[in-house]
1. Taking B:R113, is it modelled with pLDDT of 95 or more, among the basic types (K, R), within 16 Å of ligand 2 (Cβ to nearest atom) and within 25 Å of the chain's Cα centre (by Cα)?
2. May I ask you to verify whether A:T308 is touching a residue at least 12 places away in the same chain (Cβ under 8 Å), part of a helix (DSSP H, G or I) and under 16 Å from the mean Cα position of the chain (by Cα)?
3. Restricting region B:53-76 to residues that are surrounded by 17 or more Cβ atoms within 10 Å (Cβ to Cβ) and touching a residue at least 60 places away in the same chain (Cβ under 8 Å), which is farthest from the other protein chains (Cβ to nearest Cβ)?
4. Can you find a residue that is surrounded by 22 or more Cβ atoms within 10 Å (Cβ to Cβ) and on the phi > 0 side of the Ramachandran plot anywhere in region A:274-281?
5. Only residues that are surrounded by 18 or more Cβ atoms within 10 Å (Cβ to Cβ), farther than 24 Å from B:V232 by Cα and away from ligand 2 (no atom under 16 Å from the Cβ): list them for region B:1-52, please.
6. Any residue that is within 14 Å of another protein chain (Cβ to nearest Cβ), among the hydroxyl-bearing types (S, T, Y) and over 25 Å from the mean Cα position of the chain (by Cα) - is there at least one of those in region B:77-85?
7. Quick one: which of A:L101, A:L144 is of a type outside the set (K, R), touching a helix residue (DSSP H, G or I) at 6+ places or on another chain (Cβ under 8 Å) and touching a residue at least 40 places away in the same chain (Cβ under 8 Å)?
8. Could you list, in sequence order, all residues of region B:112-140 that are in a loop (DSSP other than H, G, I, E, B) and either away from chain A (no Cβ under 12 Å) or surrounded by 20 or more Cβ atoms within 10 Å (Cβ to Cβ) (or both)?
Amino acid sequence: MLTTVMGPYLSFRPNRIVDGLSQTALEAFGPLGWLALALWALSALVALTRPRAWTGVARAALGSGAVLTLLAAAGAEAASFAAVQGAAARTSFGASFYLALLAAFLVSYSASAETPGRRGRTVIALFPIIGLVALTATGALAELGIVREWVLTRPTFVRELRRHLFYALGATGGAIALGIPMGVLSARSRHAETAIMGSLNLGQVFPALAFVGIMMPILGALGDRFSAVKALGISGIGWAPVFVVLLVYALFPVTRNTLVAIRQIDPAVLDTARGMGMGRWRSLFEVEMPLAFPVVLAGVRIALVQSTAGAILAAFVGGGGLGTIMFFGLEQTSMDLVLVGVLPIVALALVFDAGLRVVERMAGGSEESYA
Amino acid sequence: MIELRNVTKRYDTTVAVDDVTLTVPDGELTILLGPSGCGKTTLLRTINRMVELDAGEVLIDGQSVRSTPPEVLRRHIGYAIQSVGLFPHMTVRRNIGTVPRLLGWETARIEARVTELLSLVGLDPVAYADKRPAELSGGEAQRIGVARALAADPPVLLMDEPFGALDPINRERLQREFASLHSRLGKTVVFVTHDIEEAVLLGDRIVLMREGRIVQTGSPEELWRGPEHQFVRDFFGDEFGLRILSRHRIADLKPGAAPQGASARVHLDTNLRDALAIMVTESVERVSILDGERVVGGLSFCDIVTQVRESL
Ligand SMILES: Nc1ncnc2c1ncn2[C@@H]1O[C@H](COP(=O)(O)OP(=O)(O)O)[C@@H](O)[C@H]1O
Ligand SMILES: [Mg+2]
């Protein structure tokens, strides 16, 4: 906790390239730094008391408050630094800020675990979000390095975000279209299972980048040989190799979950379905698929989260996506720019994950479903 | 009428059903009885083509079951099994309406039928129609299972140990209800069980099987009076006679003279096994028979023992 206030917190650099000056939160912010420290201490104090219905919420509020205070103070410092140094100035976060962020996350997480009601947990999750939105809306953060980079890259950002979503949603959509029939087929016949699950397993163990490397000449040759393929925009470079690799990775959880879900249906249910005169298709659509749905959905969720993260791959072979921004940042040793690429990916993955979990719960699935 | 002619079914090395010929008369409740693994389930499932034959043929009302596509055939044959197999994602209403839906009935007709069937199996339609299978007790689930099998009013009903998974009290209650249901509806029922008590209680006819073959066929009384093999005697054991007694009521016997003075009284509807139990409990050889409040005669220990063998 102390390190978060005592360690290198902000670095000030006149521009992106040169090394700057590091300061701790207390050096940089004075009284606001002490306030954050006090909030932390209070939060720790609450943690020591006997847990009651409200203690979790209080603890999370204090923890989030500390980090939000630090954030606001950093924004203010960045603004005054920029006023001196001009538009090229970059005020970036140091290790201590990330530690503070992690600490706040852990506090909120444990506080959420000890809070009994769903409403309390929602409140805990909303604290940091509302705080962040409020700070952004008031322009308090506008001069921070990460925000500046974001503003600068915004035109490219939108384009790369779109491409990133295309990879993630496209691969997942393809996995649904192909994986569910493949899973059904595997559940029906042992031969099909061996062939399908065997090859998908093989795809799983391949290192992703090597896999892309293999796909490039193959797709390139396909594109050269068949003009119809080429007309689709499929070639050895660009989106196609990455898309295919992401698709293969996404197929695995969807197919496996479909297979497992159908296999675990009570045999008596299938027996009576048949015994009452349902044909194969009817039994599939009226009995097997509805019963398998929550588990299949869990597979889709895993595929989507995995593809969202995996789409970074595209940047390696010039396929675009948010990974491009990240690599650009790495080249320029600008942590801020890296974050502009990475944070949205993390956020997307979290949102997809949470959203599909809600749907799963409504569909009657269990919490832990074959992750 | 269901006719099985020289029916054989093999699995790899085992012969599950071995050259079985059997006629199941209309409107009767025929029991397939025998030790576990003797081929009862396999034989039952040849009737609705859940098992395809290696040899022989199965006819329903003179027509081979192979002349109809299996799905169509099965929609006209009720089917209920021990593990019930209700669809967990459907309401009771939808479960019961399955076959009518497959047959393309109109919604209103299905709805009316569901209500009728729930009442028939002794469940309140309002309370149960919208429940899910997970909310039902074992006995309730099995009642729904029977209702579902009866939904499209099939002339033939196949049941594979339908009450086998229930606790003794529920099992007996459902057996009695089913017996009265059967006597009202007059369906042709083929009923698999390995439980002798159940077979003797419910069966119009018992088909006793061993190792894929039929040992003897007949009413419980016929098997009791005239066992054709030692296996029949061994299988039913010494209690067979007592179990036969439970099939008959005092009203089925010729009444004797009423005993003098104070005596134990039993009602005309009491079954003979219970009457015997009362004699033993009260330490009397003779009881008065009541019809309502009126004494209409007497029954002695000897009456039961002699008349049962001769006249039932
Ligand atoms: N699908 C099957 N595959 C292999 N053997 C089977 C199959 N079904 C039944 N059998 C065998 O056939 C015999 C009769 O089985 P079954 O008809 O289920 O007996 P029961 O219902 O009288 O207990 C048993 O030996 C059983 O192991
Ligand atoms: Mg059986």
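1. For B:R113, the condition - modelled with pLDDT of 95 or more, among the basic types (K, R), within 16 Å of ligand 2 (Cβ to nearest atom) and within 25 Å of the chain's Cα centre (by Cα) - is not met.
2. Considered against the rule, which asks whether it is touching a residue at least 12 places away in the same chain (Cβ under 8 Å), part of a helix (DSSP H, G or I) and under 16 Å from the mean Cα position of the chain (by Cα), A:T308 comes out as yes.
3. So the residue we want is B:I60.
4. Looking for residues that are surrounded by 22 or more Cβ atoms within 10 Å (Cβ to Cβ) and on the phi > 0 side of the Ramachandran plot, one finds at least one in region A:274-281, hence yes.
5. B:I2, B:R49
6. No, region B:77-85 contains no residue that is within 14 Å of another protein chain (Cβ to nearest Cβ), among the hydroxyl-bearing types (S, T, Y) and over 25 Å from the mean Cα position of the chain (by Cα).
7. A:L144
8. B:V121, B:G122, B:L123, B:D124, B:A129, B:D130, B:K131, B:L136, B:S137
The values are calculated or read from the model by the stated rules, or taken from the named source; none is laboratory data. None of these values were measured; they are calculated from a predicted model. Positions of Cβ are backbone-derived with ideal geometry, glycine not excepted, and every protein chain shown enters the neighbour counts.
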